[in-house]
Structure formats: C-alpha cells, structure tokens
Amino acid sequence: MEGYRENNWKRLGMPGSFYQGIVVFTMVSIIGFMNAMHSRRLIFVLLIAVLASASAPAALAQAGREAVDSFLKEVVRPVDEKNERLIKDNVAFYMNFEEMARRALGKQRWERMTLREQRDFVGAFKKVMEQRYYPRWRRLFARSKCDFVSERTEGSDTLVVMSYKIGRKTDKLIWRLAPNHGSLRVIDLTVGNKDLLERASARLRKGADEKGTQGLIAWLRKKAKEKDGGAPEPLAPESSSN
C-alpha cells in the first residue's frame, strides 16, 4: 500500500516525505481544532454556571411572592371533615415548622435538646399552629383583600410585604420566608405590629426555662387538643403551676 501511494506521489512529481508532511499537518490541525472546541465548550459551561449562580438569589426572591400566594390560596379553602387533613397538609407544605421552632427557642435551647426532643417539639408546635392558628388565618384572609407591596432579602431570608383591607381597616402584612431545599417556605408572619415568631419566641423560651423541655412539649400537646375559640391566647404556659 505504501509503495502504491509513493508511486502515485512520484507520478505527480512529489516526494513521499511531502505526502507525510501533509498528513502530519492535517492531524495537527484537527487536534488543534478539537482542543479549541473543547476550550470553547468549557468556557461556555463556566459562563452558564456563573450566570446561574448570580441569578439564583433573584429567582428565590421572585419565588417569595409565589410561595405566599400559594399559601393564601390553601389557607382560605373551606374546610369540612373530609378535606380538613388534606388542607392542613397543603398549608404545611408552604411552611417550615422546624426552622420556626429552632428560631423560636433560640440556638442554645435548641441544641441542648436531643434529636428525639427536637422532633417531638416540632411535631407539637406544628399541631398547635394547625389547631389554633390556621382557623384564625382562614377567618382573617377569607374576609380581607391582600395586595402585594414589595419584596426584599434580609440575609438569607426573603421578606414579602403586603397590605390587607377588611372593611375600612387597612394594615400591613410582612411574610418572612427561608430557603428550604431550593424553595422558600413561610417561617413568620407579622400582622400590623404583631410578630408571630417574636411573640411565640419570648413565651416559649420562658416556658422552656420554667417547665423544662418535656414540660413544654407536654403543654403544647395539651393545647393542640383544645378547640380554637378565636381569642389571641398566648402560645406558651402562663405559669409553672399549669
């Protein structure tokens, strides 16, 4: 085969070394082109990654209003015996009770708990919210008109500000949301000047100090079994004798 190629090049008046040079040049050119394409792909991938990371906070911020709208849509649904559990689960999907409980108790009290106690506390805390606060939110938001005002970030949290109107009364709502597995979940709500997490925090910490972790969990479980009367009852034991 080589003799055939060499004879052909000789018929054209070209030495075999010239043929070999053409082959080497072509191979080098192909390798250079492939390296250049690889570099371009690498640069493109890196550029996409940078743009994605830069746009991630904006995407989460945009999701804040959407999460609040979804929460409100679920919380105002009419409830009956057949759909009560489903609606509670749907509302809970847009909340992060573990983060709420952790912030309400504070870092030191939270970390002093065992994992079992943390789970029990979050479970009891969630039950109280479902039993006593969901009905209040349903009454409030079903009768009010909520309008979006603004959205901003505060550290890793997202704050969604709304105005709500019931009859002639107008006030402000501030929703606090925290990231949770790539999504934003509600962890606090301020209605007017009443901050749910702030008020609960002071009372729960006092209850934990007076009754201890197990005493506070037992009290929360007892409260979760009571029917909501609509009164703004404290979310913590009033004294160590209760």
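Pairs are defined by a Cβ separation below 9 Å, a sequence spacing of at least 6 or placement on different chains, a first member in the range 206-221 that is among the acidic types (Asp, Glu), and a second member that is outside any helix (DSSP H, G or I) and surrounded by fewer than 18 Cβ atoms within 10 Å (Cβ to Cβ); the pairs so defined are GLU210/SER239; GLU210/SER240.
Within the range 142-163, identify whether any single residue is among the aromatic types (Phe, Trp, Tyr), out of contact with any Pro (no Cβ under 9 Å at 6 or more places or on another chain) and surrounded by 17 or more Cβ atoms within 10 Å (Cβ to Cβ), and answer yes or no. Scanning the range 142-163, I find no residue that is among the aromatic types (Phe, Trp, Tyr), out of contact with any Pro (no Cβ under 9 Å at 6 or more places or on another chain) and surrounded by 17 or more Cβ atoms within 10 Å (Cβ to Cβ), so the answer is no. Here LYS194 does not qualify as of a type outside the set (Asp, Glu) and more than 24 Å from the chain's Cα centre (by Cα). Being free of Cβ contacts under 8 Å to residues at least 24 places away in the same chain, surrounded by fewer than 17 Cβ atoms within 10 Å (Cβ to Cβ) and closer than 16 Å to LEU216 by Cβ is true of ARG116. Candidates are the residues of the range 63-83 that are of a type in the set (Lys, Arg) and farther than 11 Å from LEU184 by Cα; the one that is surrounded by the fewest Cβ atoms within 10 Å (Cβ to Cβ) is LYS82. Within the range 167-201, the set of residues being farther than 18 Å from GLU99 by Cβ and surrounded by 14 or more Cβ atoms within 10 Å (Cβ to Cβ) comprises ASP171, LEU173, VAL191. Out of contact with any helix residue (DSSP H, G or I) (no Cβ under 8 Å at 6 or more places or on another chain) and among the basic types (Lys, Arg), is that true of ARG143? So ARG143 passes the test.
Values quoted throughout were computed directly from the atomic coordinates according to the rules given, and no laboratory measurement underlies them. None of these values were measured; they are calculated from a predicted model. With ideal geometry, Cβ positions are generated from the backbone for all residues, glycine too; neighbour counts draw on all protein chains shown.
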